[in-house]
Amino acid sequence: MPNRKCDRIPGFPCFFFLLTFFIAAAGLQAQDRIEWEAVEGAQYYRIEFRRDGTLVLETRSEEPSLPLFLPAGIYEFQVTVINSFGKTATQSDWSPLKISAPITPFIIDFSPREIHEGGESTFSSRISGFVQGPELSSTFALEDSEGNQIELDFQNPGLLPEEKNNNWNQITLELGRKAPGTGSWALILTNPDGRESRMDNALTVLERLRPKIRKISPKEMEAGSNSSITMVEITGMEDGAVIEINGPSDIPATLLKKNEDGVLEYSLNLENTVPGWYSMVVTNPSGGFDVREKAFEVLPPPPTPEEIAAATALDIDKKEPRPIPEYPDSFVFGWHFAFPMGSSKEYYENSYAGFSLAYSRNFSNDLIRRIPVFNGLSWDITYSYTNIETTFPITIIHLNRSNFILGLSYVTPFNFPVNLLLKAGLGMGFSIYTSPEHDRDEWLGPFSLRDLDSLDFISRFGAGVRYDINPRWYINLSCDFTATYYLSRTVWSVQPVLQGGRRW
């Protein structure tokens, strides 16, 4: 009676398919293989074995053959062809099979089949034909396409309770210090007698990407809208990545479109949103994540005409001040050069050695914060040190100048990466003179180096730019003009300054 299931694939050679199975029904040795005619368009083959009418094993093969690995006995088996859509394309009848020789090693399954680089170190495998002795035991290894191998450690396997009669083992495999790189890896089980079982493409290692939130537009949105369109540009994002928005209240977000270049278009419902700053977090399934603090700001809804009229009538003293900045304090460290100006060049050389430390805090006074233009005003205490070589003709003399300045600084309050920086300050300076050739108390004609020491008045004015790396870290690049007022003269210098700061 012909096998009608073969008719599911047009032109499928049913005769050869059945003939191969008929030949396999004879008694086979353990080193033999079950083979069948290859089917065009097959993704893989599912092979089922039963004994006394009970299913004892189901496995798969990407090739039209399978090595024998079952214990000796009489079985029946059936081959099902699975197409590229994961559907059954054709299926053979049950055919008898007799095995009269000992089992050979065989890998039944392996999991997980797909991991991210550095993500997993423990695997599970179901095997048959495992050998474990006092001296020699079966070994396991992963092998890449270039033949490089990584040995796997294993724990003592135990027989599955439901499979004791079939001598199958569930074994846990562990990586050592060396982890597999990205790509496809085969699993190899080798017995002490040299027999081996190989499962190609047993493990696929995917690259572990670290996402980066590059851009969010717009940066400011008004509360009250039920559909505010927001564009988010993210690089290094994996499929299944999770994006979270955190802030004073929950914001319902609907993904409208995702482009291939990592640009996502969202619709944000801001009807019941509390105004304030909101952060964004993107987390890849492999564990990499990125956080953008102060990703965007939700502004209060625009006032109604009635509210505008009422606000105009209020006195400025009754207006609410702007909120205190989230990170009002900051610490600044920087490096500067000093180039004397005008007649000061007659006494001092250019200096390339100087640094400064400063503490800064934004003003919290309510009156000042009511005025929008003063939103970026802060005060600071700065210590700076400069080493300058003098042009004294007799000997080499170094001026070690330490300045303590109380000042003000102002940064334009815009949501630009680079903002204008202005600063000014007054203070006191200590001038101490040293020389690599003379002691400070040594008499150098009409004076000693200690006699030159002085306590001086200092002024500072500067302008530059500030770049915010993120809400906590920033960089200042400025040019300061400083004046040191001695009893006999005033020394002017221009100082290029590079500073880094952290807010808290």
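The values are calculated or read from the model by the stated rules, or taken from the named source; none is laboratory data. Every value quoted in this text rests on a predicted model; they were computed, and no experiment measured them. All Cβ positions, even for glycine, are placed from backbone atoms using ideal geometry, and neighbour counts span all protein chains on display. Note: areas computed on protein heavy atoms with side chains; ligands, DNA, RNA excluded. Shrake-Rupley method; radii C 1.70, N 1.55, O 1.52, S 1.80 Å.
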Legend entry - Residues satisfying the stated conditions in the range 76-110, i.e. of a type in the set (S, T, Y), surrounded by fewer than 18 Cβ atoms within 10 Å (Cβ to Cβ) and at pLDDT below 90: S84, S100
Inset, instruction - Could you please give the count of residues in the range 467-497 that are over 25 Å from M341 (Cβ atoms) and in a strand (DSSP E or B)? - result: 5
Inset, instruction - May I ask you to list pairs of residues, at least six apart or on different chains, whose Cβ atoms are under 7 Å apart, with the first in the range 261-277 being within 14 Å of P248 (Cα to Cα) and the second being among the hydrophobic types (A, V, I, L, M, F, W, C) and in a strand (DSSP E or B)? - result: L270/M221; L270/V298; T273/V298; P275/V298; P275/L299; G276/V298
Legend entry - Top-ranked residue in the range 172-186 [being outside any loop (DSSP other than H, G, I, E, B) and either of a type in the set (S, T, Y) or exposed (fewer than 14 other Cβ atoms within 10 Å of the Cβ) (or both); ranked as farthest from the chain's Cα centre (by Cα)]: T172
Legend entry - Leading residue by the ranking (modelled with the lowest pLDDT) among those in the range 363-388 that are of a type in the set (S, T, Y) and open to solvent by less than 60 Å² (accessible area, probe 1.4 Å): S364
Inset, instruction - Filter the range 266-283 for residues that are among the hydroxyl-bearing types (S, T, Y) and part of a strand (DSSP E or B) and give the result. - result: Y266, S267, Y278, S279, T283
Inset, instruction - Considering every residue within the range 435-442, establish whether at least one is part of a strand (DSSP E or B), modelled with pLDDT under 90 and over 19 Å from N350 (Cβ atoms). - result: no
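Matching residues to (1) modelled with pLDDT of 80 or more; (2) surrounded by fewer than 15 Cβ atoms within 10 Å (Cβ to Cβ); (3) farther than 22 Å from R466 by Cα:
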| position | (1), (2), (3) |
| --- | --- |
| I308 | no, yes, yes |
| A313 | no, yes, yes |
| I316 | no, yes, yes |
| I324 | no, yes, no |
| D329 | yes, yes, no |
| G334 | yes, no, no |
| F339 | yes, no, yes |
| E346 | no, yes, yes |
Legend entry - Criterion: of a type in the set (A, V, I, L, M) and open to solvent by 70 Å² or more (accessible area, probe 1.4 Å) - qualifying residue of L449, L444, L420, L399: L420
Legend entry - Hits in the range 241-265 (condition: part of a strand (DSSP E or B) and either aliphatic (A, V, I, L, M) or touching a helix residue (DSSP H, G or I) at 6+ places or on another chain (Cβ under 6 Å) (or both)): V242, I243, I245, A253, L255, L256, V263, L264
Inset, instruction - Go through the range 122-132 and give me each residue that's modelled with pLDDT under 80 and either among the polar types (S, T, N, Q) or part of a strand (DSSP E or B) (or both). - result: Q132
Legend entry - Residues of the range 233-251 satisfying the condition of being among the charged types (D, E, K, R) and either surrounded by fewer than 15 Cβ atoms within 10 Å (Cβ to Cβ) or at pLDDT 90 or above (or both): E233, D239, E244, D250
Legend entry - Matching residues, the range 216-240, being in a strand (DSSP E or B) and acidic (D, E): E220, E222, E233
Inset, instruction - Could you look through the range 187-232, keep only residues that are touching a Gly at 6+ places or on another chain (Cβ under 7 Å) and open to solvent by 70 Å² or more (accessible area, probe 1.4 Å), and pick out the one that is nearest to S145 (Cα to Cα)? - result: R208
